[in-house]
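**Q** There's a structure below that I have some questions on.
The values are calculated or read from the model by the stated rules, or taken from the named source; none is laboratory data. In this text the structure is predicted, and so the values were computed from the model without any measurement. Neighbour counts run over all protein chains shown; Cβ positions are idealised from the backbone, glycine included. Side chains included, ligands, DNA and RNA excluded: accessible areas come from the protein's heavy atoms. Shrake-Rupley method; radii C 1.70, N 1.55, O 1.52, S 1.80 Å.
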Amino acid sequence: MDNILECRNLVKLFPNCMALNGVDLEIPKGRIIGLLGPNGSGKSTLMKLANGLLTPTQGEILINGKAPGVESKKVVSYLPERTYLTEWMTVQDMTDLFADFYADFNKEKAFGMFKRLAINPKLRIKTMSKGTKEKVQLILVMSREAELYLLDEPIGGVDPAARDFILDTIIGNYNENATVLISTHLISDVEKVLDDVIFINQGGIVLKASVDDIREKQDKSVDALFREVFKC
Amino acid sequence: MLGKLIKHEFKATARIYLPFFIMLFLFTVVNRVFMQMNAGLEYSPQRMIPQTILMILYVLAVVIVLVLTLGVTVQRFYKNLMTDEGYLMFTLPVTQDQLILSKLIVAFVWNIFSTAIAMLSFLGLFMDGKTLQLFIEELGRLWQTAAENQVNLTWLVILFGTTFLFGLVSGILQLYASIVIGCTSSRHKILLGLGVYLGFNVVSQIVGSLALPFTSNWLVTISAQKGGPTPVQYAEFFQGMLLFGIILSIVFSVAFYIITRMMLKRKLNLE
């Protein structure tokens, strides 16, 4: 089993909207992959399906060969597009909660990163700015030694300087066999860390290629190719 | 994992409940002291006004604690599972059953605790050694009279308590089922949830009316006999009603649980 994530004819219908339209996808272990597409292309829906937050209308989605469930949640570390931190808790409380439920959570790593970003663990989440909350959440998610990281818009809400820190955190904190799937439309920012890209539009996969291929064979940056493919 | 969920749920709820329990305790003590100070003194408006105000505040505190319990039961389930916090709760390596059960168990304990505290506070306000002794003596007499008439009062009290406990479980699960169905509406969550809750009430009223033939049968039987019903007949009637209530609560609990579980599993759609 070399694929950490597999989709077979995956369909997700919402009332009045087809979010995913028969997606077939295989994502191998040990890659950093960009899931790139315009707003509303189905990126978040795919990630929610992989986390069992939604159930497929048709087809299946498999993590390590199994449908999302308790076993998959043990090895998937998910950063949703919104903050799910509990407002009245402190950073310390949130960290304890993660350590309590996830066997692969590395507390030292988390506190190391809080320290580097000058985030006081005694602070309540309520008192923090949106950007700081996003940083705390990313640190918690990346402090797990997971097999699959699903990061939904991890750099959407923070300033460019923090973006670099976040990307460094992402590449600096995953092991060789883990796969990182990053969804974003800020391509030029993430381009340098990606191994592969998947272009998604209107619920379907448009293109799947390695970044090297795009650069060597087409002599283009991913950003340029994206603009070409998704030209309005 | 269920244990961990319960632990975290207690942590999250205790911080809301404890200050209110302390408030109620303080109101009880202050009122008690005031009443004791005024006892045996002549009537005077200067003393009665503060005491009356304190009494009103005390009653308000009891009401707040009881309403708070309902509010927290709803709010914890809704906020923790159906809003942004749900993104974390549903990606923890736990099952839907564990999530529902942890919420149910903790809400159940707090509901009993709030009721018990409200009752204890009431006793604490009015009870003194003499009244307590009188009360116990009176209870003893009641039990004796019942026993002389071949009625087992202890059994009836246990049955009554059991009915209350099962009713509480089904009541909490009714709230949960209403919330999960209410959340399927994208715009009118509260309205739909409330509507569903009332709908469930209507259904349980209708099912509850299945007991009517039993009741009317009993009325026909006893009205045909001279001197009205005997104590044993009364006891049997109450026992029947309570057992019926317990069975209904179990049936409804199972139904509400299945609805909640199914909706969380298949129809979950966090914003």
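**Q** On the given criteria, is B:Ser223 assigned by TED's automatic domain parsing to the domain that holds B:Arg266 and either within 27 Å of B:Gln239 (Cβ to Cβ) or surrounded by 12 or more Cβ atoms within 10 Å (Cβ to Cβ) (or both)? Give the derivation first.
**A** Numbers: assigned by TED's automatic domain parsing to the domain that holds B:Arg266: yes; either within 27 Å of B:Gln239 (Cβ to Cβ) or surrounded by 12 or more Cβ atoms within 10 Å (Cβ to Cβ) (or both): yes.
Spelling it out, B:Ser223 is indeed assigned by TED's automatic domain parsing to the domain that holds B:Arg266 and either within 27 Å of B:Gln239 (Cβ to Cβ) or surrounded by 12 or more Cβ atoms within 10 Å (Cβ to Cβ) (or both).
**Q** Give the residue that is modelled with the highest pLDDT, with candidates limited to residues of region B:22-43 that are loosely packed, with under 11 Cβ neighbours inside 10 Å and in a helix (DSSP H, G or I). I'd like the intermediate steps shown before the answer.
**A** Here is the first cut: in region B:22-43, the residues loosely packed, with under 11 Cβ neighbours inside 10 Å are B:22, B:36, B:39-43.
Subsequent filtering for residues that are in a helix (DSSP H, G or I) retains B:22, B:36.
Working: B:Ile22: 94, B:Gln36: 82.
Going through the qualifying residues, I end up with B:Ile22.
**Q** Taking region A:102-113 only, how many residues are under 15 Å from A:Gln137 (Cβ atoms) and among the aromatic types (Phe, Trp, Tyr)?
**A** Number of matching residues: 2.
**Q** Applying the selection to region B:189-209, what residues are open to solvent by 60 Å² or more (accessible area, probe 1.4 Å) and touching a residue at least 12 places away in the same chain (Cβ under 8 Å)?
**A** Residues of region B:189-209 open to solvent by 60 Å² or more (accessible area, probe 1.4 Å): B:190-192, B:194, B:197-198, B:202-203, B:205-206.
Result: B:Leu194, B:Tyr197.
**Q** What about A:Gly22, is it surrounded by 23 or more Cβ atoms within 10 Å (Cβ to Cβ) and part of a strand (DSSP E or B)?
**A** Numbers: surrounded by 23 or more Cβ atoms within 10 Å (Cβ to Cβ): no; part of a strand (DSSP E or B): yes.
No.
**Q** Sort out for me the helices (runs of 4 or more DSSP H) sitting completely within region B:44-141 that have 1 or more residues that are farther than 30 Å from A:Asp100 by Cβ and not assigned by TED's automatic domain parsing to the domain that holds B:Gly182.
**A** Numbers: elements: B:45-77, B:85-89, B:96-126.
Hits in region B:44-141: B:45-77, B:96-126.
**Q** Another question, then. Quick one: which residue in B:Ser204, B:Ser216, B:Ser209, B:Ser253 is more than 26 Å from A:Leu54 (Cβ to Cβ) and in contact with a Ser or Thr (Cβ under 6 Å, 6 or more places away or on another chain)? Even if it seems obvious, please write down each step before you answer.
**A** Values: B:Ser204 fails: in contact with a Ser or Thr (Cβ under 6 Å, 6 or more places away or on another chain); B:Ser216 fails: in contact with a Ser or Thr (Cβ under 6 Å, 6 or more places away or on another chain); B:Ser209 fails: in contact with a Ser or Thr (Cβ under 6 Å, 6 or more places away or on another chain).
When all the criteria are applied, what remains is B:Ser253.
**Q** Is it the case that B:Leu175 is outside the structural domain of B:Leu70 (by TED's automatic domain parsing), more than 16 Å from B:Asn269 (Cβ to Cβ) and either open to solvent by 90 Å² or more (accessible area, probe 1.4 Å) or touching a strand residue (DSSP E or B) at 6+ places or on another chain (Cβ under 8 Å) (or both)? Steps first, please.
**A** Values: outside the structural domain of B:Leu70 (by TED's automatic domain parsing): yes; more than 16 Å from B:Asn269 (Cβ to Cβ): yes; either open to solvent by 90 Å² or more (accessible area, probe 1.4 Å) or touching a strand residue (DSSP E or B) at 6+ places or on another chain (Cβ under 8 Å) (or both): no.
Criteria not met by B:Leu175.
**Q** Moving to a separate point now. So B:Gln144 ticks every box in (1) polar (S, T, N, Q); (2) open to solvent by 50 Å² or more (accessible area, probe 1.4 Å); (3) touching a strand residue (DSSP E or B) at 6+ places or on another chain (Cβ under 8 Å) but one. Which box is left unticked?
**A** (3)
**Q** When you scan region A:179-219, how many residues do you find that are surrounded by 14 or more Cβ atoms within 10 Å (Cβ to Cβ), out of contact with any Gly (no Cβ under 9 Å at 6 or more places or on another chain) and outside any helix (DSSP H, G or I)? Full working, then the answer.
**A** Filtering region A:179-219 down to residues surrounded by 14 or more Cβ atoms within 10 Å (Cβ to Cβ) leaves A:179-187, A:189-191, A:193-211, A:214-215.
Subsequent filtering for residues that are out of contact with any Gly (no Cβ under 9 Å at 6 or more places or on another chain) retains A:180, A:189, A:205, A:207-210, A:214-215.
Add one more test, that the residue is outside any helix (DSSP H, G or I), and what stays is A:180, A:205, A:207-210.
Total meeting the criteria: 6.
**Q** Can you confirm whether region B:142-162 contains a residue that is over 27 Å from the mean Cα position of the chain (by Cα) and of a type in the set (Gly, Ala, Ser)?
**A** Within region B:142-162 (the criterion being over 27 Å from the mean Cα position of the chain (by Cα) and of a type in the set (Gly, Ala, Ser)), the answer is yes, since at least one residue qualifies.
**Q** Only one of these conditions is not met by A:Phe230: (1) farther than 21 Å from A:Pro80 by Cα; (2) touching a Ser or Thr at 6+ places or on another chain (Cβ under 8 Å). Which number is it?
**A** Only one criterion is unmet by A:Phe230, namely (2).
**Q** On to the next question. Of these, A:Leu54, A:Leu62, A:Leu46, which one is surrounded by 23 or more Cβ atoms within 10 Å (Cβ to Cβ), more than 8 Å from chain B (Cβ to nearest Cβ) and of a type in the set (A, V, I, L, M, F, W, C)?
**A** Working: A:Leu54 fails: more than 8 Å from chain B (Cβ to nearest Cβ); A:Leu62 fails: surrounded by 23 or more Cβ atoms within 10 Å (Cβ to Cβ).
Exactly one of A:Leu54, A:Leu62, A:Leu46 is surrounded by 23 or more Cβ atoms within 10 Å (Cβ to Cβ), more than 8 Å from chain B (Cβ to nearest Cβ) and of a type in the set (A, V, I, L, M, F, W, C), namely A:Leu46.
**Q** Output the residue which, of all residues in region A:178-219 that are among the polar types (S, T, N, Q) and at pLDDT below 85, is farthest from A:Val229 (Cα to Cα). Break it down stepwise before answering.
**A** Within region A:178-219, the subset among the polar types (S, T, N, Q) is A:179, A:183-184, A:188, A:201-202, A:210, A:218.
Add one more test, that the residue is at pLDDT below 85, and what stays is A:188, A:218.
On the way: A:Ser188: 15, A:Gln218: 13 Å.
Top of the filtered list is A:Ser188.
**Q** For A:Glu6, work out the one condition from (1) open to solvent by less than 10 Å² (accessible area, probe 1.4 Å); (2) away from chain B (no Cβ under 14 Å) it doesn't fulfil.
**A** Failing condition for A:Glu6: (1).
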